[in-house]
């Protein structure tokens, strides 16, 4: 499986594609320098192959490249950030307690 993460702003989502086939998506909204991430989903037929992880990594990389903070309302995104502490800085320090994320000084 050769996947790519693509921003589809007119649909308010990132898609992860295997060739031309969409196998997952992450919805988002950007306002005032903040990317809100309410939902991700992956085609159950490709579950367990790291597709969701690759999708979230791509979304967070895009947020970093654009200089955006993120609000990880999606539990899968939140879990990814917990498992990859190098990404916690993408969540503004004052927002971290709301999402159960540790601040940098703890």
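The values are calculated or read from the model by the stated rules, or taken from the named source; none is laboratory data. Values in this document were obtained by computation on a predicted structure and should not be read as measured data. Glycine gets a Cβ as well: all are built from the backbone with ideal geometry, and neighbour counts include every protein chain shown.
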Open item on the list: Can you say whether residue 4 is surrounded by 13 or more Cβ atoms within 10 Å (Cβ to Cβ) and in contact (Cβ under 8 Å) with a residue 12 or more places away in the chain, as far as the supplied structure shows?
Closed with: no
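Quick grid of which residues meet (1) part of a loop (DSSP other than H, G, I, E, B); (2) in contact with a strand residue (DSSP E or B) (Cβ under 9 Å, 6 or more places away or on another chain); (3) at pLDDT below 95; (4) buried (at least 18 other Cβ atoms within 10 Å of the Cβ):
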site	(1), (2), (3), (4)
38	no, yes, no, no
41	no, yes, no, no
45	no, yes, yes, no
48	yes, no, yes, no
55	no, yes, no, yes
58	no, yes, no, yes
61	no, yes, no, no
67	yes, no, no, no
70	no, yes, no, yes
Open item on the list: Just to be sure I understand the filter: pairs with C-beta atoms under 6 Å, separated by 6 or more residues or on different chains, first member in segment 57-83 and in contact (Cβ under 8 Å) with a residue 40 or more places away in the chain, second member in a helix (DSSP H, G or I). Which pairs pass?
Closed with: 77/56
- [ ] Please specify each residue of segment 89-106 satisfying the condition of being surrounded by fewer than 17 Cβ atoms within 10 Å (Cβ to Cβ) and assigned to a helix (DSSP H, G or I).
- [x] 89, 97, 98
Task: Filter result for residue 26 (outside any helix (DSSP H, G or I), closer than 22 Å to residue 86 by Cα and touching a strand residue (DSSP E or B) at 6+ places or on another chain (Cβ under 6 Å)) - done: yes
